[in-house]
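Take a look at the structure set out below.
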Amino acid sequence: MTTLQRRASINGSENVLVARLKKLLPDIVPPLVAIAIFLLVWQIFSWTPGATLPGPIQVVQDTWILIGWPFYDRGGLDKGLFWQVLASLQRVAIGYTLAAIVGIGLGILVGTNKLMSKALDPIFQFLRVIAPLAWVPIALAALRQNEPAALFVIFITAIWPILINTSVGVRQIPSDYNNVAKVLQLSKQEYFFNILIPSALPYIFTGLRIALGLAWLAIIAAEIVMSGIVGIGFFIWDAYQNNNVSEVILAVVYIGAVGLLLDKLMIWLEAKILPQEQK
């Protein structure tokens, strides 16, 4: 390759990069401006006489070690924020997976069986409005251990949007699809995989996305109440007990960032799995 060809290739790559950056600017600049304004207002508020909430500058100063060394591990509960978040995410993964399996299964059963729907719907509607924190003492009393109790709280919080959206999706299958299935004399297995699941999939993903956010909220609440377990919720409570408000704020930032990433992950997964015409 000659020098001119190399330069042309480099210029072409730079032009592509510049074009991509220009395309992303409308999506990047507005959030950055909004965040900058929010931080500025917060900082000004923290400077007002009598204000007790630390501003962003003080938060960074007070938590610089936690920000710079998130992977430290001194044993026990004394761990960096990476390990605190990871422990919470592991609990969410287990409880959420169980909720997805049971929720989708029950949702399909309720959606396809009117008798089961009439029998179970009042129970579901009663249980789904109970706040996650209300389940914590019940879970502790029944299971006697923090870890399984936390998993139960995640499960019982996340299952309802999955179950309800799945059942609605099953009921919304177009009658034409059912008529075609009867004409073609599809077996139950063929109907399940070729008609029921593809038709209900948009509703299922809606329930899964809502449930993921609720599961992340539930584990934070559960860990705050349950003492002695590694997790971002307990980290917040411990920091509050020691009057480290800056650490609480930093942990809240971590929670929001992880929640946003989880939501983006679910959107990406939905885009990969769900047919374009069904969105």
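Of note:
- Picking from residues in segment 209-244 that are touching a Pro at 6+ places or on another chain (Cβ under 8 Å) and modelled with pLDDT of 90 or more, the one that is nearest to Leu140 (Cα to Cα) is Leu214.
- Cβ pairs under 7 Å, 6+ apart, first in segment 133-161 and more than 13 Å from Ile219 (Cβ to Cβ), second in a helix (DSSP H, G or I) and β-branched (Val, Ile, Thr): Ile159/Val102; Pro161/Ile210
- Filtered by the rule that a residue be closer than 17 Å to Tyr254 by Cβ and either surrounded by 13 or more Cβ atoms within 10 Å (Cβ to Cβ) or charged (D, E, K, R) (or both), segment 43-66 gives Pro54, Pro56, Val59, Val60, Asp62, Thr63, Leu66.
- Given (1) at negative phi; (2) out of contact with any strand residue (DSSP E or B) (no Cβ under 8 Å at 6 or more places or on another chain), number of the condition Trp83 does not satisfy: (2)
- Residue count for segment 216-259 satisfying the condition of being in contact with a strand residue (DSSP E or B) (Cβ under 9 Å, 6 or more places away or on another chain) and either outside any helix (DSSP H, G or I) or surrounded by fewer than 20 Cβ atoms within 10 Å (Cβ to Cβ) (or both): 1.
- Total residues in segment 93-116 satisfying the condition of being at pLDDT 90 or above, surrounded by fewer than 20 Cβ atoms within 10 Å (Cβ to Cβ) and among the β-branched types (Val, Ile, Thr): the figure is 4.
- Residue in segment 150-172 that is at pLDDT below 85 and surrounded by 14 or more Cβ atoms within 10 Å (Cβ to Cβ) present: no
- Residue that is assigned to a helix (DSSP H, G or I) and at pLDDT 85 or above, where the choices are Gln43, Gln5: Gln43
- Among the criteria (1) assigned to a helix (DSSP H, G or I); (2) farther than 30 Å from Gly80 by Cβ, the one Gly213 does not fulfil is (2).
- Test for Phe205: is it over 29 Å from Ile67 (Cα atoms) and modelled with pLDDT of 90 or more: yes
The values are calculated or read from the model by the stated rules, or taken from the named source; none is laboratory data. Nothing here was measured: the structure is a model prediction, and the numbers come from that model. Note: ideal-geometry Cβ built from the backbone for every residue, glycine included; neighbour counts use all protein chains shown.
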